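A short write-up of the structure that comes next.
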Amino acid sequence: MKKECKECKLDVEIWNKRCKECGFTLVLEPNENKKARFLKGPSLGALLFTQGWTFGARVYVWFLLSLVPVVGFVALFACLFFGRRWSWKYGGWDNWDQFKNRMRVLDAIGLIWVTILVIIYFAAKK
Ligand SMILES: [Zn+2]
């Protein structure tokens, strides 16, 4: 999601809000503001199940990296904080709703996944 800088006419990603070239602050409509906030938000799903999240979010490079020990740990944090922006930029989504719904579903699956692990953990302890 890009907006043109009024100063230098450069395309700026809306989550940056500020033009890298000249430092001009973009004026975002309420709707764009909401999207920018969503894109900057953490992706809980990536924290809880990194492999599944990166695959579902279509950031396949990170999916491969998340399979590598140690690097996978880095991928976890990288995707937790930047995952939504990368997914939006590189995921090839048809539209915003498709992207947003997928993010929601992935976060939900992450939560369910952890819940199941906790249940298994306590069940196995007995
Ligand atoms: Zn500019």
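The values are calculated or read from the model by the stated rules, or taken from the named source; none is laboratory data. Here the structure is a predicted model, which is why all the values come from computation and not from measurement. Every residue, glycine as well, gets a Cβ built from its backbone with ideal geometry; the counts of neighbours run over all protein chains shown.
Some observations on this one:
- Within the stretch 81-108, residues that are assigned by TED's automatic domain parsing to the domain that holds Lys2 have Cβ atoms under 7 Å from residues that are surrounded by fewer than 19 Cβ atoms within 10 Å (Cβ to Cβ) in no pair, counting only partners at least 6 apart in sequence or on another chain.
- Qualifying residue in the stretch 47-55 (condition: under 10 Å from the mean Cα position of the chain (by Cα) and farther than 30 Å from Cys8 by Cα): yes
- Qualifying positions in the stretch 4-21 - surrounded by fewer than 12 Cβ atoms within 10 Å (Cβ to Cβ) and at negative phi: Asp11
- Among residues of the stretch 25-57 being at pLDDT 95 or above and either of a type in the set (Phe, Trp, Tyr) or within 16 Å of the ligand (Cβ to nearest atom) (or both), the one that is surrounded by the most Cβ atoms within 10 Å (Cβ to Cβ) is Trp53.
- Of all the listed residues (Phe99, Phe63, Phe81), the sole one being under 15 Å from the mean Cα position of the chain (by Cα), crowded, with 17+ Cβ neighbours inside 10 Å, within 21 Å of Met1 (Cα to Cα) and of a type in the set (Phe, Trp, Tyr) is Phe99.
- For Gly110: the one exception among (1) outside any loop (DSSP other than H, G, I, E, B); (2) at pLDDT 95 or above: (2)
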